[in-house]
Amino acid sequence: MKFAHLADTHLGYRQFGLVEREKDFYEVFERIIDKIIEEEVDFVIHSGDLFDNSRPSPISLLTFQKGLLKLKNANIPVYAIAGNHDSVLRKGSIPPQVLFKKFGLKVISPINTNYMYEDVFIGGLPFYPSSQYKNLKSKLAELSKKAANHEKSILVLHQGIDKYFNLSYELEIGDIPDNFSYYAMGHLHNYINDDFGKGKLVYPGSSEIWKINELKDYRQHGKGFVVVDLDGSKPSVKRIKIDLPREFIERSLDYESLDSGIEGIKETIKDFDNKPILNLTVENVSSASNAYERINEELDSLSLMIRPKFITSDEENIDLIIDKENALGPIEVLSSRLESYDDEDITKLAVDLYNLLSKDKSEEAEELLKEFYNKKYPVEDEVMED
Ligand SMILES: [Mn+2]
């Protein structure tokens, strides 16, 4: 028996505010669905962050619906949980996944924690924030007990685990029951394939580059999903890479030889089907505006976006050229963007977060967020009932 496991497809994400990037995420999703059908799997598991948002746009919903119906026509059922992006942590709220039950989607929730596919036990939970740690632990214990009656079992979760994600996690590796055959994880955007208990623990990673810091892992493991074969004594995991529609090019250039550097990039990208994103660092810069102009003139029409960084010879950073006279400060921009919410608490939160994060005070920022959510959206015993 074979199944496909994917996660963190973030449909609807518009990176850098670019419609093209939103489309890239849809295109990758479509490619994954086609590839899943080609692989002739028996079922599919999606481990959360299907959508980038708990209120997905109609295009995101339609993209998923099309994929789901394609799978349905191929007789391949889909099991899914909600992640932290596509859920609202408030009692009584439901994740968008629930909309697709009528189309056959099997939603794993705190109420319906488990299903059977033939003799395979498929259990799981949606994302639980760390404030719900106790609840999560007791739910895991319940699932572990149920799974014990079955030879083959899968646990589906969308959580950070300290072993792989030591910056922010809800579970330590020792918290996870060890009697499942396969751990279908989501949340971490890098690819992880590890042994755990008697089975395998896998984070397939995000399907597209959601954040620039995923590039290193992408170069190493690519983006995609996994196909898992449950027939042996231990599951075997096959990584399926999916070509991304667009390249990210990272280059370091020297101001002294900027022209030849630019020529080199032009040579690399001239035959690309889709315009790439360029992450350029220029060193030994004596005039940032001159460097900016030359780069823009030569590369703008060949790229979707240029993200330049200028380093002067005395290593001082000039990230952006801002016309200070006419420019709005970040706080004004934030406040004006949030006006439509018409909620002073949210504007204040955003400004406070900006102030803390721009000073690298990430712990204080996290504390502030927790406080804010606990006050504004008190979470009771159960999250996301349906
Ligand atoms: Mn995610």
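Coordinate-derived values only; no laboratory data. Please read these numbers as outputs of a predicted model, since none were measured by experiment. As a convention, Cβ positions derive from the backbone with ideal geometry for all residues, glycine included, and neighbour counts pool all protein chains shown.
Take the Cα of residue 342, step 7 Å toward its Cβ, do the same at residue 134, and the gap between the two points is 3.9 nm.
Please report how far the C-alpha centroid of the stretch 1-56 lies from that of the stretch 295-313, rounded to the nearest whole angstrom. Distance between centres, Cα-based: 30 Å.
Per-residue packing, averaged as other Cβ atoms within 10 Å, sorts the ranges 81-87, 113-119 into the order 81-87, 113-119, beginning with the highest. This ranking places 31, 219 by how few other beta-carbon atoms lie within 10 Å of each, fewest first, which gives 219, 31. Of 13, 183, 373, the sequence from fewest to most neighbouring Cβ atoms within 10 angstrom is 373, 13, 183. Could you tell me which of rounded, prolate or oblate describes the stretch 1-152, using a ≥ b ≥ c as the square roots of the eigenvalues of the alpha-carbon gyration tensor, with rounded for a/c under 1.5 and, failing that, prolate when a/b is larger than b/c and oblate otherwise? Since a/c reaches 1.5 but b/c is at least a/b, the shape of the stretch 1-152 is classed as oblate.
Taken along the Cα-to-beta-carbon direction at a fixed 7 Å, the label points for residue 300 and residue 351 span 3.5 nm. Put the Cα centre of the stretch 163-204 next to the Cα centre of the stretch 122-159 and the gap is 12 Å. Under the shape rule built on the C-alpha gyration tensor, where the axes satisfy a ≥ b ≥ c, the stretch 330-376 is oblate, since a/c reaches at least 1.5 while a/b does not exceed b/c. Rounded to 0.05, the FRET efficiency of the residue 312 and residue 149 pair, given R0 = 56 Å and the Cβ-Cβ distance, is 0.25. For the chain, would you read off the P(r) tail past 32 Å as a percentage of all alpha carbon pairs? Across the chain, Cα pairs with separations above 32 Å total 41 percent. Is the stretch 166-302 rounded, prolate or oblate when judged by the Cα gyration tensor, a ≥ b ≥ c being the square roots of its eigenvalues, rounded requiring a/c under 1.5 and prolate requiring a/b larger than b/c? Judged from the Cα gyration tensor, the stretch 166-302 comes out prolate (a/c at least 1.5, a/b above b/c). Stretching the chain fully between residue 119 and residue 257 yields a gain of 43.2 nm (0.36 nm per residue, less the alpha carbon separation). Neighbour counts of C-beta atoms inside 10 Å place 337, 14 in the sequence 337, 14, starting with the fewest.
Taken about its Cα centre, the stretch 130-169 carries a charge dipole of about 120 debye when Lys and Arg each add +1 at the Cβ and Asp and Glu each add -1 at the Cβ. Relative to the longest principal axis of the Cα atoms of the chain, the long axis of helix 258-269 lies at roughly 40 degrees. Mean residue ellipticity, 222 nm, helices only, the chain: the sum of -39500 (n - 2.57) across DSSP H runs of n ≥ 4, divided by residue count and rounded to 500, is -10000 deg cm²/dmol.
Could you tell me the ratio Rg/Rh of the stretch 74-162? Both radii from Cα atoms, Rh via Kirkwood.
On the Cα set of the stretch 74-162, Rg over Rh gives 0.96.
For the stretch 55-117, the fraction of alpha-carbon pairs lying more than 14 Å apart is 59 percent, rounded to a whole number.
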